[in-house]
Amino acid sequence: MSLPILLGEKFNRAFQSALTIHATDVRKGTGAPYVCHLLQVAGLVLEFGGTEEEAIGGLLHDAAEDSGGERMLAWISQEFGPVVAGIVRENSDSLTESKDKKAPWKDRKEAYIAAMSHKSESALLVSICDKIHNARALLTDQRALGDSHWTRFNCTKEQSLWYYRSLLDQFRARANEFPRLQRAVAEVDSVVTDLEQAG
C-alpha cells in the first residue's frame, strides 16, 4: 500500500495562483468558473496516483497557454519549480503572449498529438486527466443537449471526436512504457467510447 500524498503550502499557493490567473475565465457554454476544471484535473491526477507536483501541474496546466506564454512559464518555474513548469509547457498547445493570437485549431491539435511520443510521464498523466474531465463534460452535454452544444467550440463534433480518439491511441501506446498510467488511460477509453456512441 502506497503512502498518502500530503498536500501542503505549495499546493495552496498554486490553487490561489490558479484562481487569480483564471479569475475571469469560464467554461464554454456553461458560465461555470474555469477553476472548476482545474480542480477536477488536479483531483484526477491525485486519484490516479500522482504527486503533489503533478497535481500542481494539473492546477496550472492552462496558465501559460491562456495567460502570457513564456513569461508565465518563467514565473511558474520560479514559484513552483522546473518540474511543474515542464508539465505546464508540455501541456500547452500554444505559448503566445496573447491567447487571441493562437494558430488555427487543427494545427495546434495535430502538433499536440505529435508531441505525445516524447512527453514526460508526469506531463502525460496531467494530459490524460485533462482529457478525462473534458470528455466527461462533453458526454454530459451531449446527453442533455444533443448535437447543439458543439456550436460553442472552435471545431466540429467530428473534429473533436477525431482529436480524442487520436489522443487515446497515443495514450495507450505510452501507457505501455508507464504502467501507472494504465488505469487513467482505461478511463479515457471508456468516456471517449461513450461519447462516440452518444449520438
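Just so you know, all these numbers are worked out from the coordinates, no wet-lab data involved. Being a predicted model, the structure only gives us computed values, none of them experimental. Reconstructed Cβ throughout: ideal geometry from the backbone, glycine too, with neighbour counts over all protein chains shown.
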#### Entry: In region 56-130, the GluC sites (Glu not before Pro) that fall in loop regions by DSSP, at most 14 other Cβ within 10 Å
E97
### Task
For region 44-131, count all C-alpha to C-alpha pairs, find those more than 19 Å apart, and express that count as a whole percent of the total.
35
### Query
Around H22, with a cut-off of 10 angstrom between Cβ atoms, what is the net charge of the other residues, counting Lys and Arg +1 and Asp and Glu -1?
-3
### Query
Is region 81-199 rounded, prolate or oblate when judged by the Cα gyration tensor, a ≥ b ≥ c being the square roots of its eigenvalues, rounded requiring a/c under 1.5 and prolate requiring a/b larger than b/c?
oblate
### Query
For the chain, what are the per-bin percents of Cα-Cα distances with bins 5 Å wide, up to the bin holding the maximum?
1, 8, 15, 20, 22, 18, 11, 4, 1, 0
### Query
So what's the net charge close to I56: Lys and Arg +1, Asp and Glu -1, counting the other residues with Cβ under 12 Å from its Cβ?
-3
